[in-house]
Amino acid sequence: MSKNVLITGGAGFIGSHLVKLFVRKYPDYKIYNLDALTYAGNLESLKEIEQSKNYEFVHGDILDLPFLENLLVEKNITHIIHLAAESHVDRSISDPLIFIKTNVLGTASLLQAARKFWKNQKDHLFYHVSTDEVYGSLGEEGYFYENTPYDPRSPYSASKASSDHFVRAFHHTYGLPVVLSNCSNNYGPYQFPEKLIPLFINNILEMKPLPVYGKGINIRDWMYVKDHAVAIDVIFHGGKIGDTYNIGGHNEWKNIDLIKLLCQQMDQKLNRPKGTSEKLITYVTDRAGHDMRYAIDASKIKNELNWVPSLQFEEGLSETIDWYLANKEWLANVTSGEYQNYYDQQYLKR
């Protein structure tokens, strides 16, 4: 069946990979990319598909309910994949209200617009993309499961937890057909360099300090962004209405071990003496409320939808570094202006 799919946040990191996958894989679908083009949204990430007949970019804000209502009617949107969100924990600590507005009120506006337009709930879907950070922090053992109680610790994770609850509430109260996924840390090409891996790649290139929170012993589960896009695809087409699916990379790394691996690969690729990049590591005051460990049990999506990650981390990291080294102009463009001012304030003045 032909679908008119609205992907919110499609000019962002994960969104741009998903948009490109859907545009290429489903020529019978019309893909509408809705993005407000805030600092992390970049249409340069979509140049290779921007002329595709089944693709259209729409500039707009998910906080604008009348705009959303008109858009869904005008484009006859049948399916929504909602990725638009403020996503950087550090920014949420310094400015929590923008996270509440975008992630909570924005999601609620989109839900309300869908509820109003989709009078007949058949052949529609509201897919909400969320994070494993809503579950809180783990000790040395254990995993996050789909039924793990929510325990968000940062303004970012609290805003995403709230949006998850609203999605489920609209399903249970109004019968809105929804599905949710909660994913682990993503990495890969086109990621905005406020996140750890692209930030450190850029800093190593420029021989700037590599700011490591605390002792660097916090643990994260890492997943290649293209694997995440494929997982969203299989959930979108095969997930059970009302269900949640955890998406993980089966790939836990202590921050400091990941950083040292990144330094080693960068030295090799840049033909620098071994240990050059590691000398840039600078330990800084730990992030407020820094969760110790995230780890996802992704057996449900594996058993029900036959999805598993395709890349080992060392391979994915190498491919990611190669992409940034081959796209230094993109990196330079996005690290200028507003982002650079933020980076200077947060890291260089510590």
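What number comes out for the charge environment of Asp267, summing +1 per Lys or Arg and -1 per Asp or Glu over other residues with Cβ under 11 Å away? All intermediate terms of the calculation are to be shown ahead of the outcome.
On the way: positive: Lys260, Lys269, Arg272, Lys274, Lys279; negative: Glu278.
Around Asp267, the charge tally is +4.
Using the Cα centre of the range 118-170 as the reference point, and only Cβ charges (+1 on K/R, -1 on D/E), how large is the resulting charge dipole? Debye, rounded to the nearest 20. Don't jump to the answer; show the numbers that get you there.
Details: 5 positive and 8 negative charges, 94 e Å.
Charge dipole of the range 118-170: 460 debye, to the nearest 20.
Reachable aspartates and glutamates from Lys226, Cα under 17 Å, same-chain residues fewer than 8 places away excluded?
Glu48, Glu314, Glu315, Glu319, Asp322
Could you compute the net charge surrounding Ala11? Neighbours are other residues with a C-beta less than 10 Å from the C-beta of Ala11; K and R count +1, D and E count -1. Working shown, then result.
Numbers: positive: none; negative: Asp35, Glu44.
Cβ neighbours under 10 Å give a net charge of -2.
Per residue of the chain, what 222 nm ellipticity follows from adding -39500 (n - 2.57) for every DSSP H run with n ≥ 4, rounded to the nearest 500?
Numbers: 13 runs with 138 residues, N = 350.
When only DSSP H runs of four or more count, the value is -12000 deg cm²/dmol.
Which order results if Ser94, Ser154, Ser130 are arranged by neighbouring Cβ count within 10 Å, fewest first? Provide the component values of the computation, followed by the final result.
Values: Ser94 12, Ser154 21, Ser130 24.
Final ranking by Cβ density, sparse to dense: Ser94, Ser154, Ser130.
Calculated FRET efficiency, Arg24 and His59, Cβ-Cβ r, R0 25 Å, to nearest 0.05?
Efficiency for this residue pair is about 0.65.
Tally the DSSP beta bridges in the range 207-350 and give the antiparallel ones as a percent, rounded to 5. Numbers along the way, then the final one.
Details: 3 of 8 bridges.
Of the beta bridges lying entirely in the range 207-350, close to 40 percent run antiparallel.
How big is the antiparallel share of DSSP beta bridges in the chain, given as a percent to the nearest 5? Walk me through the numbers on the way to the answer.
Working: 3 of 40 bridges.
Close to 10 percent.
Please give the charge dipole size of the chain, origin at the Cα centre, charges +1 on K and R Cβ atoms and -1 on D and E Cβ atoms. Round to the nearest 20 debye. It would help to have the intermediate numbers written out before the result.
Details: 36 positive and 42 negative charges, 39 e Å.
For this selection, approximately 180 debye.
Using 0.36 nm times the number of residues separating Ser94 and Ala288, minus their current alpha carbon distance, what extension gain do you get?
Values: separation 194, 0.36 × 194 = 69.84 nm, distance 1.05 nm.
Contour length minus Cα-Cα distance gives 68.8 nm.
Separation between the Trp330 and Ser52 pseudo-spin-labels, each 7 Å from Cα along Cα→Cβ, expressed in nm?
Between Trp330 and Ser52, the simple spin-label model gives 1.5 nm.
Compute the signed sum of charges (Lys and Arg +1, Asp and Glu -1) over the other residues within less than 14 Å, Cβ to Cβ, of His237. Let's see the in-between values first.
On the way: positive: Lys3, Lys25, Lys240; negative: Asp28, Asp123, Asp233, Asp243, Glu304.
With Lys, Arg at +1 and Asp, Glu at -1, the neighbours total -2.
What is the magnitude of the charge dipole of the range 220-273 about its Cα centre, with +1 placed on the Cβ of each Lys and Arg, -1 on the Cβ of each Asp and Glu, and no other charges, expressed in debye to the nearest 20? Intermediate results must be reported in sequence, preceding the final value.
Values: 7 positive and 7 negative charges, 51 e Å.
Computed about the Cα centre, the dipole is about 240 debye.
Apply the a/c threshold of 1.5 to the C-alpha gyration tensor of the range 46-112 and tell me whether it is rounded, prolate or oblate.
Details: a/c = 2.90, a/b = 1.47, b/c = 1.97.
Cα axes put the range 46-112 in the oblate bin.
Pick from Trp307, Trp323, Trp253: which is most flexible by mean-square fluctuation in a GNM of the chain where alpha carbon atoms under 10 Å apart are linked?
Result for the chain, Cα springs under 10 Å: Trp323 fluctuates most.
All of the numbers you see were taken from the coordinates with simple rules; none came from a lab. Predicted model, so just to flag it, every value in this text is computed and none were measured. Here Cβ is always computed from backbone atoms with ideal geometry, including for glycine, and neighbour counts include all displayed protein chains.
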